(Lines give C-alpha, C1' and ligand atoms only; values in the text may rest on other atoms or scores of the structure.)
Protein backbone atom coordinates (compact mmCIF):
# COMPACT_ATOMS: atom_id res chain seq x y z
CA UNK A 1 0.00 0.00 0.00
CA UNK A 2 1.30 3.46 -0.85
CA UNK A 3 2.23 5.43 2.26
CA UNK A 4 -0.06 8.40 2.86
CA UNK A 5 0.73 11.64 4.60
CA UNK A 6 -0.74 12.62 7.97
CA UNK A 7 -2.82 15.37 6.27
CA UNK A 8 -4.59 12.77 4.20
CA UNK A 9 -5.39 10.79 7.31
CA UNK A 10 -7.17 13.80 8.84
CA UNK A 11 -9.75 13.77 6.06
CA UNK A 12 -10.73 10.15 6.65
CA UNK A 13 -12.98 9.51 9.66
CA UNK A 14 -12.40 6.47 11.83
CA UNK A 15 -15.34 4.13 11.26
CA UNK A 16 -14.70 1.00 13.34
CA UNK A 17 -12.34 -0.94 15.60
CA UNK A 18 -10.99 -4.26 14.38
CA UNK A 19 -8.30 -6.66 15.59
CA UNK A 20 -5.29 -8.17 13.95
CA UNK A 21 -4.29 -11.84 14.15
CA UNK A 22 -2.79 -11.32 17.63
CA UNK A 23 -5.86 -9.63 19.01
CA UNK A 24 -4.42 -6.11 18.89
CA UNK A 25 -6.95 -3.30 18.47
CA UNK A 26 -6.59 -1.44 15.15
CA UNK A 27 -8.39 1.67 13.83
CA UNK A 28 -9.30 1.46 10.13
CA UNK A 29 -10.74 4.08 7.83
CA UNK A 30 -13.42 3.46 5.26
CA UNK A 31 -11.01 3.69 2.34
CA UNK A 32 -8.68 1.20 4.01
CA UNK A 33 -11.49 -1.26 4.64
CA UNK A 34 -12.59 -1.06 1.00
CA UNK A 35 -9.08 -1.28 -0.40
CA UNK A 36 -8.32 -5.00 -1.00
CA UNK A 37 -4.56 -4.29 -0.96
CA UNK A 38 -4.64 -2.86 2.55
CA UNK A 39 -2.83 -4.91 5.21
CA UNK A 40 -4.41 -4.88 8.64
CA UNK A 41 -1.05 -4.19 10.22
CA UNK A 42 -0.15 -1.44 7.76
CA UNK A 43 -3.54 0.22 8.13
CA UNK A 44 -3.25 0.96 11.82
CA UNK A 45 -2.51 4.67 12.42
CA UNK A 46 -2.40 6.97 15.40
CA UNK A 47 -5.54 8.81 16.46
CA UNK A 48 -6.52 12.27 15.14
CA UNK A 49 -5.11 14.10 18.16
CA UNK A 50 -1.66 12.56 17.73
CA UNK A 51 -1.77 13.38 14.02
CA UNK A 52 -2.61 17.05 14.65
CA UNK A 53 0.42 17.30 16.92
CA UNK A 54 2.88 15.97 14.35
CA UNK A 55 1.69 16.42 10.76
CA UNK A 56 3.32 19.85 10.41
CA UNK A 57 6.74 18.58 11.59
CA UNK A 58 9.37 17.54 9.07
CA UNK A 59 10.61 13.96 9.36
CA UNK A 60 14.05 13.61 10.91
CA UNK A 61 16.15 11.61 8.42
CA UNK A 62 18.38 10.32 11.27
CA UNK A 63 15.43 9.08 13.30
CA UNK A 64 15.19 5.31 13.57
CA UNK A 65 12.52 3.62 11.48
CA UNK A 66 10.06 1.04 12.76
CA UNK A 67 10.94 -2.54 11.95
CA UNK A 68 9.30 -4.10 8.92
CA UNK A 69 5.81 -5.35 9.68
CA UNK A 70 5.48 -3.43 12.98
CA UNK A 71 2.66 -1.07 13.84
CA UNK A 72 3.34 2.47 12.59
CA UNK A 73 2.62 4.68 15.56
CA UNK A 74 3.99 8.14 16.37
CA UNK A 75 4.13 7.08 20.02
CA UNK A 76 6.98 4.78 18.97
CA UNK A 77 9.25 7.83 18.85
CA UNK A 78 8.00 9.52 22.03
CA UNK A 79 7.25 6.73 24.50
CA UNK A 80 6.59 8.33 27.92
CA UNK A 81 7.78 5.27 29.89
CA UNK A 82 11.47 5.12 28.94
CA UNK A 83 12.47 6.63 32.28
CA UNK A 84 11.10 3.56 34.05
CA UNK A 85 13.77 1.28 32.54
CA UNK A 86 16.19 -0.05 35.17
CA UNK A 87 19.40 -1.32 33.58
CA UNK A 88 20.83 -2.40 36.93
CA UNK A 89 18.44 -5.37 37.17
CA UNK A 90 18.83 -6.60 33.59
CA UNK A 91 20.58 -9.96 33.25
CA UNK A 92 20.36 -11.89 29.98
CA UNK A 93 22.73 -14.70 31.00
CA UNK A 94 20.12 -17.11 32.34
CA UNK A 95 17.86 -19.42 30.36
CA UNK A 96 15.32 -17.39 28.46
CA UNK A 97 12.05 -18.83 29.74
CA UNK A 98 8.87 -17.35 31.20
CA UNK A 99 9.03 -17.08 34.98
CA UNK A 100 5.36 -18.13 35.23
CA UNK A 101 4.76 -20.72 32.49
CA UNK A 102 8.41 -21.87 32.01
CA UNK A 103 7.84 -21.59 28.26
CA UNK A 104 10.95 -20.79 26.20
CA UNK A 105 9.15 -19.50 23.10
CA UNK A 106 8.10 -15.92 22.40
CA UNK A 107 9.68 -14.67 25.64
CA UNK A 108 9.96 -10.98 26.55
CA UNK A 109 12.00 -9.26 29.25
CA UNK A 110 10.41 -6.57 31.40
CA UNK A 111 12.95 -3.76 31.30
CA UNK A 112 11.66 -2.39 34.61
CA UNK A 113 12.24 -5.40 36.89
CA UNK A 114 14.24 -7.75 34.61
CA UNK A 115 11.76 -10.64 34.75
CA UNK A 116 10.98 -12.83 31.73
CA UNK A 117 7.40 -13.32 30.50
CA UNK A 118 5.77 -15.05 27.57
CA UNK A 119 3.95 -13.16 24.80
CA UNK A 120 2.71 -9.60 24.50
CA UNK A 121 -0.86 -10.04 23.31
CA UNK A 122 -3.93 -9.92 25.55
CA UNK A 123 -4.16 -12.64 28.25
CA UNK A 124 -0.40 -13.37 28.00
CA UNK A 125 1.75 -13.19 31.16
CA UNK A 126 3.62 -10.13 29.83
CA UNK A 127 0.38 -8.28 29.08
CA UNK A 128 -1.07 -9.09 32.51
CA UNK A 129 2.19 -8.08 34.22
CA UNK A 130 2.05 -4.71 32.46
CA UNK A 131 -1.50 -4.11 33.73
CA UNK A 132 -0.97 -5.33 37.28
CA UNK A 133 2.44 -3.80 37.97
CA UNK A 134 2.38 -0.75 35.72
CA UNK A 135 5.53 -1.91 33.92
CA UNK A 136 5.25 -0.93 30.28
CA UNK A 137 8.56 -1.55 28.45
CA UNK A 138 9.31 -5.09 27.24
CA UNK A 139 12.01 -6.45 24.92
CA UNK A 140 11.79 -9.56 22.79
CA UNK A 141 14.62 -11.93 23.71
CA UNK A 142 14.62 -13.43 20.22
CA UNK A 143 15.10 -10.32 18.08
CA UNK A 144 15.71 -7.39 20.47
CA UNK A 145 12.59 -5.42 19.47
CA UNK A 146 11.16 -3.29 22.26
CA UNK A 147 7.45 -2.74 22.84
CA UNK A 148 5.20 -0.70 25.11
CA UNK A 149 2.44 -2.72 26.77
CA UNK A 150 -0.49 -2.88 27.04
CA UNK A 151 -0.72 -0.38 24.15
CA UNK A 152 1.40 -2.81 22.09
CA UNK A 153 3.41 -0.45 19.90
CA UNK A 154 7.08 -0.78 19.06
CA UNK A 155 9.43 1.65 20.80
CA UNK A 156 11.97 3.26 18.46
CA UNK A 157 14.79 4.98 20.34
CA UNK A 158 18.55 4.77 19.79
CA UNK A 159 19.21 5.24 23.53
CA UNK A 160 18.08 1.62 23.97
CA UNK A 161 20.85 0.25 21.75
CA UNK A 162 23.04 -0.56 24.75
CA UNK A 163 20.35 -2.91 26.08
CA UNK A 164 20.14 -4.72 22.75
CA UNK A 165 23.93 -4.95 22.68
CA UNK A 166 23.97 -6.63 26.09
CA UNK A 167 21.39 -9.12 24.88
CA UNK A 168 23.51 -10.02 21.85
CA UNK A 169 26.95 -8.37 21.72
CA UNK A 170 28.34 -8.05 18.20
CA UNK A 171 31.74 -6.90 17.00
CA UNK A 172 33.22 -5.55 13.79
CA UNK A 173 36.45 -6.88 12.32
CA UNK A 174 38.23 -3.67 13.30
CA UNK A 175 37.08 -3.97 16.91
CA UNK A 176 38.26 -7.58 17.10
CA UNK A 177 41.64 -6.71 15.60
CA UNK A 178 42.18 -4.04 18.25
CA UNK A 179 40.77 -6.00 21.18
CA UNK A 180 44.17 -7.20 22.44
CA UNK A 181 45.57 -3.66 22.36
CA UNK A 182 42.84 -2.13 24.52
CA UNK A 183 43.78 -1.04 28.03
CA UNK A 184 40.37 0.30 28.94
CA UNK A 185 38.91 -0.21 32.40
CA UNK A 186 35.11 -0.36 32.40
CA UNK A 187 32.65 0.27 35.22
CA UNK A 188 29.69 -2.04 35.77
CA UNK A 189 26.38 -0.23 35.96
CA UNK A 190 24.89 -2.75 38.39
CA UNK A 191 27.33 -2.27 41.29
CA UNK A 192 30.00 0.19 40.13
CA UNK A 193 32.70 -2.51 40.05
CA UNK A 194 35.59 -2.02 37.65
CA UNK A 195 36.48 -4.70 35.10
CA UNK A 196 38.57 -5.29 32.00
CA UNK A 197 36.80 -6.84 28.99
CA UNK A 198 37.92 -10.45 28.66
CA UNK A 199 39.09 -10.58 32.28
CA UNK A 200 35.80 -11.15 34.10
CA UNK A 201 34.68 -13.68 36.67
CA UNK A 202 32.34 -16.57 35.92
CA UNK A 203 29.67 -17.61 38.39
CA UNK A 204 29.82 -21.20 39.65
CA UNK A 205 26.79 -23.46 40.02
CA UNK A 206 26.67 -24.98 43.52
CA UNK A 207 30.43 -24.49 43.85
CA UNK A 208 31.02 -27.50 41.59
CA UNK A 209 31.60 -26.03 38.13
CA UNK A 210 34.90 -24.28 38.81
CA UNK A 211 36.61 -26.83 36.54
CA UNK A 212 34.32 -25.83 33.67
CA UNK A 213 34.83 -22.14 34.41
CA UNK A 214 38.63 -22.26 34.16
CA UNK A 215 38.40 -24.31 30.95
CA UNK A 216 36.17 -21.63 29.39
CA UNK A 217 38.54 -18.90 30.59
CA UNK A 218 41.47 -20.77 29.03
CA UNK A 219 39.69 -21.14 25.69
CA UNK A 220 38.85 -17.42 25.67
CA UNK A 221 42.61 -16.62 25.73
CA UNK A 222 43.20 -18.47 22.46
CA UNK A 223 43.10 -15.62 19.97
CA UNK A 224 42.10 -17.51 16.81
CA UNK A 225 39.24 -19.38 18.50
CA UNK A 226 38.04 -16.26 20.32
CA UNK A 227 38.01 -14.18 17.12
CA UNK A 228 36.12 -16.91 15.29
CA UNK A 229 33.28 -16.87 17.80
CA UNK A 230 33.25 -13.08 18.15
CA UNK A 231 32.94 -12.51 14.41
CA UNK A 232 31.44 -15.39 12.49
CA UNK A 233 27.73 -16.14 12.40
CA UNK A 234 27.51 -19.90 12.57
CA UNK A 235 25.09 -21.47 10.10
CA UNK A 236 22.25 -22.81 12.24
CA UNK A 237 21.42 -25.50 9.70
CA UNK A 238 24.88 -27.05 10.05
CA UNK A 239 25.25 -26.87 13.82
CA UNK A 240 23.32 -29.66 15.51
CA UNK A 241 24.12 -28.74 19.09
CA UNK A 242 22.70 -25.71 20.85
CA UNK A 243 25.75 -25.75 23.13
CA UNK A 244 27.98 -24.38 20.35
CA UNK A 245 25.76 -21.34 19.89
CA UNK A 246 25.56 -20.80 23.64
CA UNK A 247 29.36 -20.90 23.86
CA UNK A 248 29.55 -18.26 21.14
CA UNK A 249 27.13 -16.09 23.12
CA UNK A 250 29.11 -16.67 26.32
CA UNK A 251 32.45 -15.65 24.81
CA UNK A 252 30.91 -12.51 23.32
CA UNK A 253 29.58 -11.49 26.71
CA UNK A 254 32.93 -12.12 28.38
CA UNK A 255 34.53 -9.58 26.03
CA UNK A 256 31.65 -7.08 26.21
CA UNK A 257 32.99 -3.56 27.03
CA UNK A 258 29.43 -2.27 27.58
CA UNK A 259 28.37 -4.94 30.06
CA UNK A 260 26.02 -3.90 32.84
CA UNK A 261 27.79 -6.40 35.15
CA UNK A 262 31.40 -7.09 36.06
CA UNK A 263 30.92 -10.84 35.71
CA UNK A 264 29.14 -13.33 33.45
CA UNK A 265 26.86 -16.23 34.37
CA UNK A 266 27.61 -19.29 32.20
CA UNK A 267 24.55 -21.12 33.57
CA UNK A 268 22.74 -21.58 30.27
CA UNK A 269 25.79 -23.09 28.55
CA UNK A 270 26.77 -25.24 31.55
CA UNK A 271 23.25 -26.58 32.08
CA UNK A 272 22.99 -27.53 28.42
CA UNK A 273 26.28 -29.45 28.67
CA UNK A 274 25.27 -31.23 31.88
CA UNK A 275 21.85 -32.18 30.53
CA UNK A 276 23.21 -33.73 27.35
CA UNK A 277 26.48 -35.21 28.60
CA UNK A 278 26.36 -37.69 31.48
CA UNK A 279 30.14 -37.62 31.69
CA UNK A 280 29.92 -34.44 33.78
CA UNK A 281 27.57 -34.23 36.74
CA UNK A 282 26.45 -31.26 38.80
CA UNK A 283 27.59 -31.52 42.40
CA UNK A 284 30.70 -33.53 41.55
CA UNK A 285 34.16 -32.09 40.96
CA UNK A 286 34.80 -31.70 37.23
CA UNK A 287 38.35 -32.17 35.96
CA UNK A 288 39.22 -29.06 33.88
CA UNK A 289 41.63 -31.00 31.65
CA UNK A 290 39.01 -33.64 30.97
CA UNK A 291 36.42 -30.98 30.18
CA UNK A 292 38.80 -28.85 28.09
CA UNK A 293 39.88 -31.78 25.89
CA UNK A 294 36.28 -32.95 25.55
CA UNK A 295 35.24 -29.42 24.57
CA UNK A 296 37.89 -29.22 21.83
CA UNK A 297 36.80 -32.51 20.29
CA UNK A 298 33.13 -31.61 20.64
CA UNK A 299 33.57 -28.24 18.91
CA UNK A 300 35.64 -29.78 16.12
CA UNK A 301 32.97 -32.43 15.51
CA UNK A 302 30.13 -29.92 15.45
CA UNK A 303 31.92 -27.35 13.28
CA UNK A 304 32.82 -30.01 10.68
CA UNK A 305 29.32 -31.52 10.67
CA UNK A 306 30.66 -34.77 12.14
CA UNK A 307 33.45 -35.02 9.56
CA UNK A 308 36.53 -35.22 11.82
CA UNK A 309 39.01 -35.37 8.92
CA UNK A 310 37.93 -31.93 7.74
CA UNK A 311 39.59 -28.77 9.03
CA UNK A 312 37.99 -26.52 11.62
CA UNK A 313 39.18 -23.54 13.62
CA UNK A 314 39.89 -26.00 16.45
CA UNK A 315 42.09 -28.33 14.42
CA UNK A 316 43.91 -25.42 12.76
CA UNK A 317 44.71 -23.99 16.19
CA UNK A 318 45.51 -27.00 18.37
CA UNK A 319 46.23 -30.02 16.19
CA UNK A 320 49.82 -31.16 15.84
CA UNK A 321 51.33 -34.47 14.72
CA UNK A 322 53.54 -36.89 16.58
CA UNK A 323 55.45 -40.02 15.54
CA UNK A 324 54.98 -42.93 17.94
CA UNK A 325 57.42 -45.85 17.82
CA UNK A 326 56.15 -48.84 19.83
CA UNK A 327 58.00 -51.99 20.81
CA UNK A 328 56.15 -54.85 22.50
CA UNK A 329 58.45 -56.73 24.86
CA UNK A 330 57.21 -60.26 25.43
CA UNK A 331 57.03 -61.52 28.98
CA UNK A 332 59.77 -64.07 29.72
CA UNK A 333 58.79 -67.19 31.53
CA UNK A 334 60.42 -66.92 34.93
CA UNK A 335 62.76 -69.73 35.86
CA UNK A 336 63.75 -70.85 39.31
CA UNK A 337 67.02 -68.95 39.05
CA UNK A 338 65.69 -65.82 37.28
CA UNK A 339 63.88 -63.37 39.52
CA UNK A 340 64.40 -60.29 37.34
CA UNK A 341 61.25 -58.25 36.67
CA UNK A 342 62.81 -55.58 34.45
CA UNK A 343 61.63 -55.58 30.80
CA UNK A 344 64.34 -56.80 28.45
CA UNK A 345 64.40 -56.68 24.66
CA UNK A 346 64.08 -60.06 22.95
CA UNK A 347 64.46 -61.26 19.39
CA UNK A 348 60.71 -61.72 19.03
CA UNK A 349 59.87 -58.14 20.08
CA UNK A 350 57.37 -56.42 17.76
CA UNK A 351 58.16 -52.85 16.67
CA UNK A 352 55.73 -50.54 14.86
CA UNK A 353 55.60 -46.87 13.98
CA UNK A 354 52.61 -44.58 13.44
CA UNK A 355 51.81 -40.91 13.00
CA UNK A 356 49.17 -39.66 15.38
CA UNK A 357 47.48 -36.23 15.59
CA UNK A 358 47.29 -34.61 19.02
CA UNK A 359 45.42 -31.74 20.62
CA UNK A 360 47.50 -31.70 23.80
CA UNK A 361 50.60 -33.37 25.24
CA UNK A 362 50.68 -35.15 28.60
CA UNK A 363 53.75 -34.53 30.78
CA UNK A 364 54.60 -37.17 33.40
CA UNK A 365 55.68 -35.69 36.74
CA UNK A 366 58.30 -37.66 38.74
CA UNK A 367 57.05 -39.30 41.91
CA UNK A 368 57.55 -37.51 45.21
CA UNK A 369 60.07 -39.09 47.63
CA UNK A 370 58.77 -41.41 50.33
CA UNK A 371 61.30 -40.32 52.97
CA UNK A 372 61.97 -37.09 54.82
CA UNK A 373 65.28 -35.25 54.92
CA UNK A 374 67.69 -35.17 57.87
CA UNK A 375 65.58 -32.45 59.50
CA UNK A 376 62.43 -34.63 59.34
CA UNK A 377 60.91 -32.40 56.69
CA UNK A 378 59.02 -33.59 53.66
CA UNK A 379 61.08 -33.10 50.53
CA UNK A 380 59.21 -31.23 47.81
CA UNK A 381 61.10 -31.92 44.58
CA UNK A 382 61.33 -29.56 41.64
CA UNK A 383 61.56 -30.31 37.95
CA UNK A 384 61.82 -28.08 34.89
CA UNK A 385 59.36 -28.09 32.03
CA UNK A 386 62.26 -28.72 29.64
CA UNK A 387 63.06 -31.93 31.51
CA UNK A 388 59.47 -33.15 31.16
CA UNK A 389 59.50 -32.31 27.45
CA UNK A 390 62.40 -34.71 26.88
CA UNK A 391 59.70 -37.37 26.65
CA UNK A 392 59.14 -36.15 23.08
CA UNK A 393 62.75 -36.08 21.83
CA UNK A 394 62.34 -39.36 19.93
CA UNK A 395 64.91 -41.21 22.06
CA UNK A 396 63.50 -41.48 25.57
CA UNK A 397 61.45 -44.64 26.15
CA UNK A 398 58.28 -44.76 28.21
CA UNK A 399 57.19 -48.13 29.62
CA UNK A 400 53.48 -48.98 29.47
CA UNK A 401 52.40 -52.25 31.16
CA UNK A 402 49.88 -54.33 29.22
CA UNK A 403 47.14 -56.50 30.68
CA UNK A 404 48.69 -59.77 29.47
CA UNK A 405 51.93 -59.03 31.29
CA UNK A 406 53.84 -57.74 28.27
CA UNK A 407 55.36 -54.27 28.29
CA UNK A 408 55.04 -51.68 25.53
CA UNK A 409 58.00 -49.36 25.18
CA UNK A 410 57.09 -46.12 23.39
CA UNK A 411 59.18 -43.34 21.92
CA UNK A 412 57.60 -40.03 20.89
CA UNK A 413 58.83 -37.57 18.27
CA UNK A 414 57.04 -34.34 17.35
CA UNK A 415 56.64 -34.00 13.59
CA UNK A 416 54.38 -30.92 13.41
CA UNK A 417 53.83 -28.13 15.91
CA UNK A 418 50.44 -26.36 16.19
CA UNK A 419 50.01 -22.59 16.68
CA UNK A 420 48.96 -23.28 20.28
CA UNK A 421 50.60 -25.93 22.47
CA UNK A 422 48.60 -27.39 25.36
CA UNK A 423 50.47 -29.26 28.10
CA UNK A 424 48.70 -31.43 30.66
CA UNK A 425 50.85 -31.73 33.77
CA UNK A 426 49.72 -35.10 35.12
CA UNK A 427 49.44 -34.48 38.86
CA UNK A 428 46.55 -36.76 39.75
CA UNK A 429 46.66 -40.56 39.74
CA UNK A 430 44.16 -43.20 40.82
CA UNK A 431 44.54 -46.72 42.13
CA UNK A 432 42.06 -49.24 43.46
CA UNK A 433 41.74 -47.48 46.80
CA UNK A 434 42.13 -43.72 46.49
CA UNK A 435 43.29 -40.78 44.38
CA UNK A 436 46.63 -39.09 44.90
CA UNK A 437 48.04 -35.71 43.94
CA UNK A 438 51.68 -35.10 43.05
CA UNK A 439 52.76 -31.70 44.43
CA UNK A 440 56.10 -31.62 42.62
CA UNK A 441 56.99 -28.07 41.60
CA UNK A 442 57.23 -27.68 37.82
CA UNK A 443 59.33 -24.68 36.78
CA UNK A 444 58.17 -23.21 33.48
CA UNK A 445 58.94 -19.97 31.61
CA UNK A 446 56.27 -17.35 30.99
CA UNK A 447 57.95 -16.18 27.79
CA UNK A 448 60.26 -17.57 25.13
CA UNK A 449 59.68 -21.29 25.65
CA UNK A 450 62.16 -22.73 23.13
CA UNK A 451 61.47 -26.36 22.26
CA UNK A 452 63.93 -26.60 19.39
CA UNK A 453 65.68 -29.45 21.22
CA UNK A 454 62.70 -31.71 20.62
CA UNK A 455 61.72 -30.08 17.32
CA UNK A 456 64.99 -29.23 15.52
CA UNK A 457 63.66 -29.76 12.01
CA UNK A 458 61.45 -26.67 11.79
CA UNK A 459 61.43 -22.98 12.60
CA UNK A 460 58.93 -21.23 14.82
CA UNK A 461 59.45 -23.31 17.95
CA UNK A 462 59.30 -20.46 20.48
CA UNK A 463 56.13 -19.95 22.53
CA UNK A 464 54.70 -17.58 25.16
CA UNK A 465 52.36 -18.61 27.97
CA UNK A 466 48.79 -17.25 27.72
CA UNK A 467 46.93 -19.33 30.33
CA UNK A 468 47.78 -21.50 33.32
CA UNK A 469 45.20 -23.62 35.14
CA UNK A 470 46.38 -24.64 38.60
CA UNK A 471 45.14 -26.43 41.71
CA UNK A 472 46.35 -25.53 45.19
CA UNK A 473 45.78 -27.74 48.21
CA UNK A 474 45.16 -31.45 48.55
CA UNK A 475 42.51 -33.82 47.25
CA UNK A 476 39.30 -33.85 49.27
CA UNK A 477 39.73 -30.35 50.67
CA UNK A 478 37.28 -28.86 48.19
CA UNK A 479 39.87 -26.43 46.87
CA UNK A 480 38.57 -24.92 43.63
CA UNK A 481 40.60 -24.63 40.46
CA UNK A 482 41.87 -21.23 39.39
CA UNK A 483 43.51 -19.81 36.31
CA UNK A 484 46.22 -17.27 35.52
CA UNK A 485 45.71 -15.36 32.29
CA UNK A 486 47.95 -12.89 30.51
CA UNK A 487 46.66 -9.45 29.51
CA UNK A 488 48.61 -8.62 26.36
CA UNK A 489 48.02 -4.87 26.24
CA UNK A 490 49.31 -4.28 29.79
CA UNK A 491 51.70 -7.25 29.91
CA UNK A 492 50.20 -8.15 33.29
CA UNK A 493 48.94 -11.38 34.85
CA UNK A 494 45.55 -11.85 36.49
CA UNK A 495 44.24 -14.67 38.65
CA UNK A 496 40.59 -15.70 38.29
CA UNK A 497 38.80 -18.07 40.66
CA UNK A 498 35.10 -18.15 39.79
CA UNK A 499 33.96 -14.56 40.55
CA UNK A 500 37.21 -13.38 42.15
CA UNK A 501 39.59 -11.48 39.86
CA UNK A 502 42.89 -9.98 41.01
CA UNK A 503 46.24 -8.97 39.58
CA UNK A 504 49.22 -11.17 40.48
CA UNK A 505 52.96 -10.98 40.00
CA UNK A 506 54.61 -13.10 37.29
CA UNK A 507 56.58 -14.89 40.03
CA UNK A 508 53.31 -16.10 41.58
CA UNK A 509 52.34 -17.68 38.28
CA UNK A 510 55.63 -19.51 37.81
CA UNK A 511 55.55 -21.19 41.26
CA UNK A 512 51.91 -22.32 41.12
CA UNK A 513 50.95 -25.99 40.96
CA UNK A 514 50.21 -25.98 37.26
CA UNK A 515 47.73 -28.44 35.86
CA UNK A 516 47.18 -27.20 32.30
CA UNK A 517 49.46 -24.84 30.35
CA UNK A 518 48.56 -23.12 27.08
CA UNK A 519 51.37 -21.59 25.04
CA UNK A 520 50.98 -19.45 21.90
CA UNK A 521 53.56 -19.51 19.12
CA UNK A 522 55.43 -16.23 18.72
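The residue of segment 259-293 that is surrounded by the most Cβ atoms within 10 Å (Cβ to Cβ), among those that are under 13 Å from the mean Cα position of the chain (by Cα) and free of Cβ contacts under 8 Å to residues at least 60 places away in the same chain, is 269. Taking segment 77-181 and the strands (runs of 3 or more DSSP E) fully enclosed by it, the elements with 3 or more residues that are without any contact (Cβ under 8 Å) to a residue 40 or more places away in the chain are at 107-110, 116-118, 137-140.
Among the residues of segment 489-512, the ones that are assigned to a loop (DSSP other than H, G, I, E, B) and surrounded by fewer than 17 Cβ atoms within 10 Å (Cβ to Cβ) come to 6 in all. Of all residues in segment 506-514, none satisfies being modelled with pLDDT of 95 or more, under 18 Å from residue 212 (Cβ atoms) and within 26 Å of the chain's Cα centre (by Cα). Within segment 475-490, residues that are modelled with pLDDT of 95 or more reach partners that are assigned to a loop (DSSP other than H, G, I, E, B) and surrounded by 14 or more Cβ atoms within 10 Å (Cβ to Cβ) with beta carbons closer than 7 Å, at six or more positions or on different chains, in the pairs 484/512; 485/221.
Right, residue 137: buried (at least 20 other Cβ atoms within 10 Å of the Cβ) and not assigned by TED's automatic domain parsing to the domain that holds residue 233 or not? In short, yes.
Pick out the one residue from 207, 182 that is surrounded by fewer than 21 Cβ atoms within 10 Å (Cβ to Cβ), within 27 Å of residue 486 (Cβ to Cβ) and touching a strand residue (DSSP E or B) at 6+ places or on another chain (Cβ under 9 Å).
182
The values are calculated or read from the model by the stated rules, or taken from the named source; none is laboratory data. As the structure is a computational prediction, the values presented were derived from the model and not from experiment. Methodologically, a virtual Cβ is constructed for each residue, glycine included, from the backbone with ideal geometry; neighbour enumeration extends over all protein chains shown.
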